Amino acid sequence: MSTHADLGMELGARVAAALRTGLDVRVDPVDTLIRPSTRDGVDYQCNIAMSLAKKLGRPPREVATALVEALDAADMVAETEIAGPGFVNFVLRDDWLAERVAELLGDPRAGVPVTDAPRRFALDYSSPNVAKTMHVGNMRSTVIGDALHRLLAFAGHEVLPHNHLGDWGTPFGMLIEHMLDSGLDGSITDLNAFYQQARAKFDADEAFATRSRDRVVKLQAGDEQTRQLWQRLVDESARHFQAVYDLLGIRLTQANIYGESFYNPYLGEVVDELTELGLTEVSDGAVCVFPPGFTGREGQRLPLIVRKSDGGYGYAATDLATARYWTRERDVTDLLYVVGSPQAQHFQMVFAVCTQAGYLTDKHRAEHIAFGSVLGADGKMMRTRAGESVALIGLLEEAVARAAKVIEERSELAEADRAAVARAVGIGAVKYADLAGDRLKDYVFTWEKMLAKDGNTSVYLQYAIARIRSVLRKAGETVQPGTAVRLGEPAERALAVKLLQLPAAIDAAVAEYAPHKLCGYLFETASAFTGFYENCPILASSTPDDVRGSRLALAALTADVLVLGLSLLGIDAPERL
RNA sequence: GCCCUCGUAGCUCAGCGGAUAGAGCAGGAGCCUUCUAAGCUCUUGGCCGCAGGUUCGAGUCCUGCCGAGGGCGCCA
């Protein structure tokens, strides 16, 4: 019999079979309302009897009884109990759990299946602006997007990441004019200062502003000199972005850059297509689409402006062309946009127009993966004292420096290893703090919290891993596949159940694009491990050989699960702390 | 004015229509001749913003209020 590595799925399959044979009801195994139980001594519960009762016209406890009587799960379930209004509680067999855990030994996927319905994702993330240094505002898209990249790929989907650089549009007119004004030789050392100077001139000098607007038109028309100047800006910026990605451990490379400029050749076609379909109207000189159902301040229809009155294109046109490109040219099934939640309405409108235009069909799924803001300790948008956005590179360097200080105080690491560990701990802390909460909510950035050794932090997980590896080193033996696992102590059993829930955790994180579900699971698993570590001596001379082998296996598997989980979040786990 | 998101312990946050709403921090009491104390155990602490509704069952779904943040034609 083939069994699901995931406990809930396996129970669901058994319950579905019992409902079929015992009650002649067909329910999909995933809809059997199997949940891990919070009751003491109960592993899982099934809540389906209550919901079936009305449909069948029978009392829920009677339905539950029929379910239990028809259940063919003696190999797996030690005990069933009907409780309350019709809950069915399951206690799993220790030997069955032990066998399932033992099967994970040597499995690089730790029991996580590859999806049987692979899809092709276009994943838009990071997307910083050229000619600006990356700041905290770019961090969440980068970190969350990268975690989703890893999670989706691990689940067996094809992921086409693209970095939608802000490398086009109105600001480039003023940036290029400013380049010309300040002489063409020499490289730009400070991107932010350069941008701000250009901005200041644009706001103060009407003639400059006009030149800038004209320059945008030249750029979009493909003027050769303009194009070269523009390329210089892009190249300088891309080098800066790559430095941040390298420090952060982000998978994006130059090959993933599909900036706004990439879609420029398609913008005219998009407008033509929309016009041919009769979707456009000219309003105040601008070509607009008014998707149904969107209204603005005075109840008037809201436009998506696809071509501005000056003939230029805005980001709406680019976003339409982007969806068109990835669905038509790259044949993706899914479009994900990891972009802050203020853009929610914009994406709703873009998706609506894409559907009207046929760029998105019922074969496609497009989703705005929205996220909240990073707040300072004062609960407001994180800013420097001068009110500017905080440079990301400086923030990351501070994280590494703070981690290094803790290591200096506490660790017995060799001098040579400290820098690498400080980087893993510091960067991991920043990323984990960004991933550990529901992405839709704002979160408060506090060093103390993210570098805390207790609680749901990356440091806690890395510490648990380091302890396990220390034990494994001291054991002086490698755990072999086929090692017998025995679950005598409650702490051993609790850990085993947790280890077997990795597939469910990853499935939830992938299905809902919710990395924090994986974070929560990893924290629970590390907590279960510490309980085991405290109560179940592994290497003590009083521990019998077979128990020692079993405990080493549990410890090794815990490390595998935690390391795998962290890797899917883009976080490293040092050998020692 | 309309639209979107959020409101759970003093603080930071989990919570999948299911039973007595969970963690961590902070507060209180303990635990290092023993595998990393960057750890663990025990403990105090809740009108789940308010009011209705749907449901056998609502922190979770729906409606309306209140509060916070964000968005609402040529920036992206």
Could you go through segment A:108-117 in sequence order and give the Karplus-derived ³J(HN,Hα) for each residue, using 6.51 cos²θ - 1.76 cosθ + 1.60 with θ = phi - 60°, rounded to whole Hz, and x for Gly and Pro? x, 9, 6, x, 7, x, 7, 4, 8, 10
Two pseudo-spin positions, 7 Å from Cα along C-beta at A:Ala193 and at A:Arg227, lie apart in nanometres by 3.3 nm
With respect to the cross-link table entries A:Lys453/A:Lys517; A:Lys380/A:Lys441; A:Lys132/A:Lys431; A:Lys449/A:Lys517; A:Lys363/A:Lys441; A:Lys363/A:Lys431, which display a Cα-Cα separation exceeding 25 Å? A:Lys363/A:Lys441; A:Lys363/A:Lys431
What helices does chain A have that are whole DSSP H segments, at least 24 Å long along their own axis by Cα, and with mean Kyte-Doolittle hydropathy of 0.5 or more? A:136-155, A:545-568
How much length would be gained if the chain were fully extended between A:Glu103 and A:Arg328, taking 0.36 nm per residue of separation minus their Cα-Cα distance, in nm to one decimal? 76.7 nm
If we count other beta carbons within 10 Å of each Cβ, what is the order of A:Met174, A:Met349, fewest first? A:Met349, A:Met174
Consider all pairwise Cα distances in segment A:7-92 and report the whole-number % of them above 19 Å. 25 percent
Let me spell out the model: positive unit charges on the Cβ of Lys and Arg, negative unit charges on the Cβ of Asp and Glu, origin at the Cα centre of chain A. What dipole size does that give, in debye rounded to 20? 600 debye
Using the Karplus curve 6.51 cos²θ - 1.76 cosθ + 1.60 with θ = phi - 60°, work out ³J(HN,Hα) for each residue of segment A:85-92 in order, rounded to whole Hz, and write x for Gly and Pro. x, x, 5, 10, 9, 10, 10, 7
So what is the relative contact order for chain A, in percent, with contacts set as C-alpha pairs under 8 Å and at least six apart? 15 percent
A:Thr133 long-range amide H proximity, modeled H, under 5 Å: A:Asn192
Dimensions of segment A:171-248 along principal axes (Cα, Å, largest first)? 41, 27, 22
Between A:Leu277 and A:Arg239, what is the label-to-label distance in nm when each label sits 7 Å out along the Cα-to-Cβ direction? 4.3 nm
To the nearest 20 debye, what is the magnitude of the charge dipole of segment A:7-92 about its Cα centre, counting +1 on the Cβ of each Lys and Arg and -1 on the Cβ of each Asp and Glu? 420 debye
Amide proton proximity set for A:Ile257, modelled H, under 5 Å, gap of 5+: A:Asn163
Give the long-range amide H neighbours of A:Val444: residues separated by 5 or more places, or on another chain, with amide H under 5 Å away, using H modelled in the peptide plane at 1.01 Å from N. A:Leu375
May I ask you to sort A:Cys354, A:Cys288, A:Cys46 by Cβ crowding, counting other Cβ atoms within 10 Å and putting the fewest first? A:Cys288, A:Cys354, A:Cys46
Got a sec? Which residues in segment A:539-577 would a label at A:Arg251 touch, if it sits 7 Å along Cα→Cβ and we count backbone N under 19 Å? A:561-573
May I ask you to evaluate 6.51 cos²θ - 1.76 cosθ + 1.60, the Karplus curve with θ = phi - 60°, for each residue of segment A:301-307 and list the ³J(HN,Hα) values in order in whole Hz, giving x for glycine and proline? 5, 9, x, 9, 7, 8, 9
Sort all Cα-Cα distances of chain A into consecutive 10 angstrom bins from zero, then give the percent of pairs in each bin up to the one containing the longest distance. 3, 15, 21, 22, 18, 12, 7, 3, 0
Taking other Cβ within 10 Å of each residue's Cβ, how do A:Leu247, A:Leu11 sort, fewest first? A:Leu247, A:Leu11
Where a ≥ b ≥ c are root eigenvalues of the Cα gyration tensor, a/c under 1.5 meaning rounded, otherwise prolate if a/b exceeds b/c and oblate otherwise, segment A:457-499 counts as oblate
If the chain between A:Ala344 and A:Asp94 were fully extended at 0.36 nm per residue, the gain over the current Cα-Cα distance would be 85.2 nm
Determine the dipole magnitude for segment A:184-267: charges of +1 sit on the beta-carbon of Lys and Arg, -1 on that of Asp and Glu, nothing else is charged, the reference point is the Cα centre, and the result goes in debye to the nearest 20. 140 debye
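Computed from the coordinates by the stated procedures, all read-outs in this text should not be read as laboratory data. All values derive from a computational prediction rather than experimental measurement. Note that each Cβ is placed from the backbone with ideal geometry, even for glycine, and that neighbours are counted across all protein chains shown.
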